[in-house]
Amino acid sequence: MKKITSLLVLLLVFSGCGVRQTRNLLTSGEYDAAIKKAVDGLDGNKNTKGKQDYVYLLEEAFAKAKERDLRDIKGWFKDANPQNLEKIYSTYVQLNYRQEQIRPLLPLKLLKEGRDAIFPFDEYSDAIVSSKNALSKYLYDNSKALLANKDKMVIRRAYDDLVYLESINPGFKDVARLTDEAKFKGTDFVNVTAKNETNMVIPVRLQNDLLDISTYGLNDKWTVYHNNNNNKQKGIDYDYGLIVNFREINITPEQVKERQFDKEKQIKDGVKNLLDANNHVVKDSLGHPIKVDNLKTIRISIYEFSQIKSCQIKAKIDYVNLKNNQLIETFPLASEFVFSNKYSTYKGDKRACEENYFSNFDKRPLPFPSNEQMVFDTANDLKAKLKDIIVRNKFRR
């Protein structure tokens, strides 16, 4: 019985909180939020006494929301500003949606007054269609006018309007074609090139791989990268240039360093009798010889070889405005790759060194990579750094 009573108390508390929140939304003018809260509160047995507060609040919120919206629409029509057309259309849609939220709940009883709650519904379908058509015509005509502008930011506004127009009125005139046109005209096209300012021949494979922007995943909604080697396209008036200037390529000679060192360790080699100072066998109380570990010293001479070859590439990235051939910004770019291999031979007992060193004895000398391969391996890190620069530094800020 106590559990049932406690549950009822909790339900009353939660219900009271919901009613209070709904009332606060209503008094602050957030009518649609209050309507949603009340509709949610009426879920279940809607005509119980405990739900009456929600019914009263819903009736009041609906009346005030409708009165406000119709007053706003009347004012927008008087203003005759075409930019109000979207507000008129969306408000008619909201008026209709609000009714459809409440319609499944009807009738709602007001028990004390012995009547049904009043929700004067209207038919908005004609108003929605006419306002949508007026808005569609305005968006279409205005977008076509914006597309004649050379400012890409203006064209992008036209694109957004056309996408919105397609969403509210699918298939309207040639909106699909105009949308594609706006997408193309509003896009910044970046031409990626490389310059070799070093005294070395840069492998073609390296240049192609480094400039293959398609592998970087950098294209976004309004920026497309092309490079001279693979996908520079005719008929595109490029807006920006990204130039990778190779300044230095330094490759060290192949080196093999050698060092020799010795180690020794005492290990257990069976057991032996314990002797006293006079070299006599020590025995226990039963007369048995006492045994101790027999330790012996083992030694090893290690010959360690280290193969080393390194490559360093230094470059700079230039951002250029191709419309006026002005340098926008320059970023340093550098990367290093080190080839290294360590192996060892030994004389003696290898147990004299640490076990984690044993793997060096299993290794063998490796052929040094060619200079071209070194440069290419260095470029893998260079690509990651180049991508990071592009991601963090957009052409348009």
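Observations on the structure shown:
- Restricting the range 187-201 to residues that are touching a strand residue (DSSP E or B) at 6+ places or on another chain (Cβ under 8 Å) and assigned to a loop (DSSP other than H, G, I, E, B) leaves a set whose member that is surrounded by the most Cβ atoms within 10 Å (Cβ to Cβ) is T187.
Here is a yes/no grid of residues against (1) open to solvent by less than 80 Å² (accessible area, probe 1.4 Å); (2) among the polar types (S, T, N, Q):
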| position | (1), (2) |
| --- | --- |
| L327 | no, no |
| N360 | yes, yes |
| F368 | yes, no |
| E372 | no, no |
| N380 | no, yes |
| K385 | no, no |
| R397 | no, no |
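- R247 vs. criteria in contact (Cβ under 8 Å) with a residue 40 or more places away in the chain, assigned to a strand (DSSP E or B), more than 30 Å from A379 (Cβ to Cβ) and open to solvent by 40 Å² or more (accessible area, probe 1.4 Å): no
- Flag: Y89 matches the condition of being touching a Leu at 6+ places or on another chain (Cβ under 9 Å) and closer than 30 Å to T187 by Cβ.
- Only a single criterion out of (1) of a type in the set (A, V, I, L, M, F, W, C); (2) outside any loop (DSSP other than H, G, I, E, B); (3) over 38 Å from the mean Cα position of the chain (by Cα) is not satisfied by I390, namely (3).
- Against the list (1) in contact with a strand residue (DSSP E or B) (Cβ under 6 Å, 6 or more places away or on another chain); (2) on the phi > 0 side of the Ramachandran plot, the condition N325 fails is (1).
- Conditions (1) in a helix (DSSP H, G or I); (2) among the charged types (D, E, K, R); (3) under 24 Å from D43 (Cβ atoms): number failed by K87: (3)
- Test: residue in the range 207-224 that is surrounded by 13 or more Cβ atoms within 10 Å (Cβ to Cβ), within 26 Å of R396 (Cα to Cα), at pLDDT 90 or above and not aliphatic (A, V, I, L, M): yes
- Sole residue being small (G, A, S) and more than 30 Å from E59 (Cα to Cα), chosen from S136, S125: S136
- Restricted to the range 278-318, and to residues there that are open to solvent by 80 Å² or more (accessible area, probe 1.4 Å) and either out of contact with any strand residue (DSSP E or B) (no Cβ under 7 Å at 6 or more places or on another chain) or not charged (D, E, K, R) (or both), the residue that is nearest to F261 (Cα to Cα) is L295.
- Qualifying residue in the range 202-217 (condition: out of contact with any helix residue (DSSP H, G or I) (no Cβ under 9 Å at 6 or more places or on another chain), part of a loop (DSSP other than H, G, I, E, B) and among the β-branched types (V, I, T)): no
- Put simply, of K66, K51, K37 the only residue that is over 44 Å from the mean Cα position of the chain (by Cα), within 19 Å of R23 (Cα to Cα) and assigned to a helix (DSSP H, G or I) is K51.
- Hits in the range 158-183 - residues which are under 27 Å from G241 (Cβ atoms) and over 25 Å from the mean Cα position of the chain (by Cα): A158, D180, E181, A182
- Look at (1) more than 19 Å from P120 (Cα to Cα); (2) within 39 Å of the chain's Cα centre (by Cα); (3) among the hydrophobic types (A, V, I, L, M, F, W, C) and you find that F77 fails only one, number (2).
Yes or no, residue by residue, for (1) touching a residue at least 24 places away in the same chain (Cβ under 8 Å); (2) out of contact with any Lys or Arg (no Cβ under 9 Å at 6 or more places or on another chain):
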residue	(1), (2)
N279	no, yes
D284	no, yes
I298	yes, no
K316	yes, no
Y319	yes, yes
N324	no, yes
Y343	yes, no
Y346	yes, yes
D349	yes, no
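The values are calculated or read from the model by the stated rules, or taken from the named source; none is laboratory data. These numbers come from a predicted model, not from an experiment. Here Cβ is always computed from backbone atoms with ideal geometry, including for glycine, and neighbour counts include all displayed protein chains. In case anyone asks, the SASA skips ligands and DNA or RNA and just uses the protein heavy atoms, side chains included. Shrake-Rupley method; radii C 1.70, N 1.55, O 1.52, S 1.80 Å.
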